[in-house]
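Below is a structure I'd like to ask you about.
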Amino acid sequence: LEHLLAFNLAMAKETEDLELDRATLRAGLAALLGDRAKGRYFVMEGHGEGAEVLGCTMITYEWSDWRNGEVWWIQSVYVRPEHRGQGLFKMMYRELRREAREAGAVGLRLYADDDNERAQGVYRRLGMTSHYRVFEDLWNE
């Protein structure tokens, strides 16, 4: 939980210049980890004794009536800065894709901040395409 907490705090600051509330984030992570229907985290670790956590991503589920199947949404993508550019997300993505197909999902989706061109380039190189724009109406309490 502590790695996921730290990674999400860093990612929000880095990608959207957001300072997340630590208590709210901790409760959100605990809720997801306690209820597989909400989603799952995938964590990448190094090899060997005392291996460190290198990165993570979360998936959530969306039903597609058009495709009569579940779409897995990739969220909370984070790779430690010192490990970026080594293909770690590519490995995570391939594993997610394999598991999604085995589970009967009809596809993968994710969103990237409009200004995060580096991430968009990574996703394009993986063969992902984009023809949607995400709109939101979030309540900050």
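The values are calculated or read from the model by the stated rules, or taken from the named source; none is laboratory data. In this text the structure is predicted, and so the values were computed from the model without any measurement. Every residue, glycine as well, gets a Cβ built from its backbone with ideal geometry; the counts of neighbours run over all protein chains shown. Remember, those area values only see protein heavy atoms, side chains included, never the ligands or the DNA or RNA. Shrake-Rupley method; radii C 1.70, N 1.55, O 1.52, S 1.80 Å.
Scanning for something part of a helix (DSSP H, G or I) and open to solvent by 50 Å² or more (accessible area, probe 1.4 Å), does the stretch 120-132 turn up at least one residue?
yes
Moving to a separate point now. Name the pairs: first residue in the stretch 83-97 and without any contact (Cβ under 8 Å) to a residue 24 or more places away in the chain, second residue not charged (D, E, K, R), Cβ to Cβ under 8 Å, at least 6 apart or on different chains?
As it stands, the answer is R97/L108, since those pairs meet every condition given.
Do you know which residues across the stretch 62-95 are open to solvent by less than 70 Å² (accessible area, probe 1.4 Å) and aliphatic (A, V, I, L, M)?
Hits for the stretch 62-95 are V71, I74, V77, V79, L88, M92.
What are the residues in the stretch 40-61 that are in contact with a Phe, Trp or Tyr (Cβ under 7 Å, 6 or more places away or on another chain) and either small (G, A, S) or open to solvent by less than 60 Å² (accessible area, probe 1.4 Å) (or both), if any?
Answer for the stretch 40-61, where residues must be in contact with a Phe, Trp or Tyr (Cβ under 7 Å, 6 or more places away or on another chain) and either small (G, A, S) or open to solvent by less than 60 Å² (accessible area, probe 1.4 Å) (or both): G55, C56, T57, M58, I59, T60.
Something else about it: Would you check which residues across the stretch 1-39 are hydroxyl-bearing (S, T, Y) and open to solvent by 90 Å² or more (accessible area, probe 1.4 Å) and list them?
Of everything in the stretch 1-39, just one residue is hydroxyl-bearing (S, T, Y) and open to solvent by 90 Å² or more (accessible area, probe 1.4 Å), namely T24.
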